[in-house]
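Structure, as structure tokens:
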2 protein chains.
Amino acid sequence: MLLRLRLLLSVRGSIFSAAASFQRTQHSLFSSTSSAMAATEESLRKALSDKQSAVEAQGNAVRALKAAAAPKADIDAAVQALNALKLEKTDVERQLQSILSSDGGLSREAFRQAAVNTLERRLFYIPSFKIYRGVAGLYDYGPPGCAVKSNVLAFWRQHFVLEENMLEVDCPCVTPEVVLKASGHVDKFTDLMGIFVNFKDLYYYNGNKLPFAAAQIGQAFRNEISPRQGLLRVREFTLAEIEHFVDPDDKSHPKYKEVSELEFLMFPREEQMSGQSAKRIRLGEAVSKGIVNNETLGYFIGRVYLFLTRLGIDKDRLRFRQHLANEMAHYAADCWDAEIECSYGWIECVGIADRSAYDLRAHTDKSGVPLVAHEKFSEPKEVEKLVITPVKKELGLAFKGSQKNVVEALEAMKEKEALDMKAALESKGELEFEVCTLGKTVTITNKMVSIQKEKKKEHQRVFTPSVIEPSFGIGRIIYCLFEHSFYMRPSKAGDEQLNVFRFPAVVAPIKCTVFPLVQNKQYEDVAKYISKSLTTAGISNKIDITGTSIGKRYARTDELGVPFAITVDSASSVTIRERDSKDQVRVDAEKAASVVREVTEGHKTWQDVWSTFPHHSSASTEE
Amino acid sequence: MLLRLRLLLSVRGSIFSAAASFQRTQHSLFSSTSSAMAATEESLRKALSDKQSAVEAQGNAVRALKAAAAPKADIDAAVQALNALKLEKTDVERQLQSILSSDGGLSREAFRQAAVNTLERRLFYIPSFKIYRGVAGLYDYGPPGCAVKSNVLAFWRQHFVLEENMLEVDCPCVTPEVVLKASGHVDKFTDLMGIFVNFKDLYYYNGNKLPFAAAQIGQAFRNEISPRQGLLRVREFTLAEIEHFVDPDDKSHPKYKEVSELEFLMFPREEQMSGQSAKRIRLGEAVSKGIVNNETLGYFIGRVYLFLTRLGIDKDRLRFRQHLANEMAHYAADCWDAEIECSYGWIECVGIADRSAYDLRAHTDKSGVPLVAHEKFSEPKEVEKLVITPVKKELGLAFKGSQKNVVEALEAMKEKEALDMKAALESKGELEFEVCTLGKTVTITNKMVSIQKEKKKEHQRVFTPSVIEPSFGIGRIIYCLFEHSFYMRPSKAGDEQLNVFRFPAVVAPIKCTVFPLVQNKQYEDVAKYISKSLTTAGISNKIDITGTSIGKRYARTDELGVPFAITVDSASSVTIRERDSKDQVRVDAEKAASVVREVTEGHKTWQDVWSTFPHHSSASTEE
């Protein structure tokens, strides 16, 4: 029961909810003028997708007839039908283009349409349960999308967990009610981190030292009422979170200098309020001027910038926007969102918040387990402490049954209040004191309480650490990465537009394809040898021994964003082609796998390869 | 609503439920005699864990006092308290040992106790929501456990997805009701694969060719009533599944020869029924004798064997047990479980089932989308087909409103039934025919139906592929791996037992630790340089610059299963120590990271390193 009813409340993405409503505001500007157009667009898209499927099915039928050596008349009829379907498809494309394109160029919507068509057709993602007509807001990642996602997560682990020596934990999605109560999920929808409850263990694991960071990758759920915008608004998503625990009195960071010279688009609170736009600021300057609250927060902003741009996010369409005072929780010291611009506008993909001591304090209160850190002094310190000692006998005589309430109220006084009382008692001998739990004021005399400053030796300082929390919406980052990586270029004959994803090798779903130029046992054996060497080295690759023209095979591989293609056109040497430049070099068959490995793993650049090996003219192989 | 109520029903682990009841039967043999003992054991374990915490806390206090140069009397008192606590702990250990140990050696339970103590103390895993007193059946993986889990999953991807060119997909945990209905989860608790619904897309992605395999790693949930046995019986677990789609008429496998010479423990149905035990069988023999149903199933059994033993599972405590006829679903052709023996008995960790065409047929029926494959003939084939043509006019006259039911029943006849009807109608002119949907028998005359064999040319064969499904319970594999990797050895002084996990490098949570022998800036700089080189190469490592004795630092690192430790004992050269042999070699500081990298990534063995570099006597560094 407990598990069943509460599960969907365990959403750890309040940041996202907030961001979503912010986007809604932005987008409502467009919605009234474009809703009729959206309906037409929707039906044209559906028609285009249907035509595309029909063209593909008919193409298959033609090939089957040819392969089966069917009568010429049958084949001719099928080819004619195929051409008719292609014409119909082109027509729908034109209609769609005309309602979307405003300035004659490729409009934002047409661009998205082309990217999304390619993504869905090549199974980067698929609406979940498609054969049951799909479920809005739930997507499956198909093979290339799934590979991109695991590459993004592997790079996240390398960039954050490994390089920063973070403690990664792995917690269940299922959260019992009491934890949600403590986190405020039951009473009010706030953020939770399934890590805070483990603080004590992790602090011990880290040798009781601060700072340290814990990291977690997990699934989060949201009961999204009307999911839309593809991968951006979904009911279930992967969240990668870091909780960096730091001394509130010392938020410096030892590696801060490694990022302080970075310069990128920042959008501070003040610029937003005064109607200015984001501007390029050097991170070190933003920290030293106090625009960014502290070094550690600044350090993580810099690391997130490096993470996103190394994945392939365009630095000119990435900005760090500071939360306005009213967007931030009252306890937060500062908060910045990494926002990425895509065809839907600026999308919040990473939140980087200094949440102060709020979460640890809340869990301390509810669980009764003190989630605190200790700083041992190198030598004991003498501190002056205010000690309030109620004289219970006198209080009992005066207040009888209400004695306990008065004692508690006296002990709960803040330092200022107690000092005021001490002064009043010393000068007047008595004063009026409000006891909230009794709902009235009572008279306290100087016999009833002693208030003294005492000197004490302390060996350590006990405090609740502050938490800096970078939190990554992995699906959103991946969708923006898809858009930033996508482009179209004309085929060699110039008669069609070909789709390309310019993924860096680190995220490309397949790193290399291997093609025998023609169907021939000797070439196939070389291709299989190279493919096997790549696999053994852990380089994902795909061998394509179909008789399709090499130009078409390159086009297929470009659509999947495969950075390198090896073509076997002799028994002793092969060509390696780079996706974006289409440049080719000639390499010994024996060496091909290790060259691809080096350039894929980042030990060499394509430029290094280009300057090392003889160039190969594409004319002979590419159509 | 739909999402909320059904979520916990989307359990994809029927295999596990079946296995669990099987284990229950085995274990009930012990339960009556040992339940009282279990209660004592439980309380002693609790007491031991409390004492352990107390000893650690007091140890910390002593160190703090020493660091703070507290008065000698204070320190002495604290040390005395520490010694008293240690004695109490030893006493509890002895009590526990005496109730557990039967043969004087380390009993099964004592062994488990020692392993689990180490696992929990070093945060391999933690009961979830521990500060809220934990939730039975839910565990968090702490830092080393989380690293082991991600290494196991990365190796699974390399061994299966990459090496077999599988199509990996990533689907949500959340499943809508209609899908569960189709899979039988709503009406009856059966297996689901959250991949089947994507068959059509994946078949297309694979160029409409068989065989191909899809793979998926996901979370599954189970409303376990009384979770126990630590990581073995949990409410939420990670399942890694493969669906290999194959032509039912050709279950050969191109890479079968790569595994057919493997020999390992198998436990065929017949041996189980006749009370024999598992025996070593060559896989090729099991397939050729028909003990294993087909080559593809045999191939996956072999690949699973390699996967588990390369992870570190002891081959003598691993067996493949065939399902008995009554354990298998009626549609399954054959099913084998990889069972691993641990202190809880034989635990089913991987199921490898030939599920025939069941799942694709069920989803075809419910969704109306044909999930079928096509085999194109190289030339059209002439086939004889039985054509049943009900004569609707005659049937309408005879049966009026019931006509439709009779027509459907006639069309649904199997070939044998139709041929019998044809013979009866030709000889007698009529026969009695049962129409199930009418609940009665009707008289069919030879005017009402025509049954003819007709010759037809077919260009392709359309069929539902069979599915071979290996399905991995990742948490169970990890728990068994923990037990198989754990051992204890005496400290050098012989006064205590030290814990070691002998993880192979591929799964070790941290591959290497780096220690400066003494606290010294020069040594620290060398250590930091080596650590940074390892990190850049993607080798997880931990630097320990505390002043603790090197022997203690080795012991800490052995408890985490770290295979290699680099000790900086000069500015120019360092030692590299191997965990299990404790052997050390001396290597140039410059080369240390690359040596560790080569041996960690499997390019070299420790034996290679040992025969290349000068040996270093441990006497000088290890205590």
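The values are calculated or read from the model by the stated rules, or taken from the named source; none is laboratory data. Owing to the predicted nature of the structure, the values given are computational and were not obtained by experimental measurement. For neighbour counting, all protein chains shown are included, and Cβ atoms are generated from backbone atoms with ideal geometry for every residue, glycine included. Protein only, heavy atoms only, side chains kept; ligands, DNA and RNA dropped before computing areas. Shrake-Rupley method; radii C 1.70, N 1.55, O 1.52, S 1.80 Å.
Here are a few things to note about the model shown:
- Taking the DSSP beta bridges with both ends in the range A:430-571, the antiparallel portion is around 60 percent.
- Ordering of B:538-548, A:335-345 by burial proxy (mean other Cβ atoms within 10 Å per residue, highest first): A:335-345, B:538-548
- Note on B:PHE377 and B:GLN276: with the Förster distance fixed at 60 Å, the Cβ-Cβ geometry gives a FRET efficiency of about 0.80.
- Each copy carries a label point for A:LEU419 at 7 Å from Cα along the beta-carbon vector; from one copy to the others these points are 10.6 nm apart, nearest first.
- Cβ-derived FRET efficiency at R0 22 Å, A:ALA154 paired with B:ARG310, nearest 0.05: 0.65
- Distance in nm between pseudo-label sites at A:GLN52 and B:ALA493 (7 Å out along the Cβ direction from Cα): 7.2
- Cβ-derived FRET efficiency at R0 25 Å, A:SER107 paired with A:LYS552, nearest 0.05: 0.30
- Residue-count net charge about B:VAL526 - beta-carbon cut-off 13 Å; Lys, Arg +1, Asp, Glu -1: -1
- Each of B:HIS330, B:HIS459 has its accessible area taken with a 1.4 Å probe; listed largest first, they run B:HIS330, B:HIS459.
- Remark: mean inter-chain Cβ contacts per residue of B:142-153 equal 5, using a 10 Å Cβ-Cβ cutoff to other protein chain atoms.
- Taken along the Cα-to-beta-carbon direction at a fixed 7 Å, the label points for B:LYS209 and A:LYS604 span 3.0 nm.
- The range B:402-549, relative contact order in percent, only Cα pairs under 8 angstrom and at least six apart counted: 12
- Averaging the Cα positions of each part gives two centres, and for the range A:446-521 and the range B:533-551 these lie 26 Å apart.
- Per-residue mean of C-beta atoms belonging to partner chains within 10 Å, peptide B:154-161: 2
- Excluding same-chain neighbours fewer than eight residues apart, the lysines reachable from A:LYS447 by a Cα-Cα span under 26 Å are A:LYS385, A:LYS392, A:LYS393, A:LYS400, A:LYS404, A:LYS414, A:LYS416, A:LYS422, A:LYS428, A:LYS455, A:LYS456.
- Shape category assigned to the range A:393-471 from the gyration tensor of Cα positions, a/c cut at 1.5: prolate
- Rounded to the nearest 20, the Cβ-based charge dipole of the range B:427-516 about its Cα centre (Lys and Arg +1, Asp and Glu -1) stands at 500 debye.
- Lysine pairs in the range B:248-372 whose alpha-carbon atoms fall under 23 angstrom of each other, counting only those eight or more residues apart or on distinct chains, come to 8.
- Here's the picture: charge each Lys and Arg Cβ at +1 and each Asp and Glu Cβ at -1 in the range B:431-490, and of B:VAL435, B:THR445, B:PRO465 the one pushed furthest to the positive end of that dipole is B:THR445.
- Charges were assigned to the Cβ only: +1 to each Lys and Arg, -1 to each Asp and Glu. The resulting dipole of the range A:334-396 about its Cα centre is roughly 740 debye.
- Residue by residue along A:201-211, Cβ atoms of other protein chains within 10 Å of the local Cβ number 3 on average.
- Only one residue of B:SER260, B:TYR299, B:PRO248 has its Cα farthest out toward the positive end of the dipole of the range B:236-315, where Lys and Arg carry +1 and Asp and Glu -1 on Cβ, and that residue is B:SER260.
- With an a/c value under 1.5 for the gyration tensor axes a ≥ b ≥ c computed over the alpha-carbon atoms, the range A:523-623 is described as rounded.
- Using only side-chain charges placed at the Cβ, +1 for Lys and Arg and -1 for Asp and Glu, the dipole size of the range A:519-623 relative to its Cα centre rounds to 220 debye.
- Peptides A:517-530, B:195-208 ranked from most to least packed by the mean count of surrounding Cβ atoms within 10 Å: B:195-208, A:517-530.
- These residues, B:LEU82, A:LEU239, go from largest to smallest accessible area, 1.4 Å probe, as B:LEU82, A:LEU239.
- Shortest-first distances to equivalent copies, position A:ASN60, nm, label 7 Å out along Cβ: 6.4
- Prolate/oblate/rounded call for the range A:479-581, Cα gyration tensor, a/c under 1.5 rounded: oblate
- Buried area at the A-B interface (accessible, heavy atoms, 1.4 Å probe, summed, Å²): 7000
- Between this copy and the others, label points of B:LEU386 are 9.8 nm apart in ascending order, each placed 7 angstrom from Cα in the Cβ direction.
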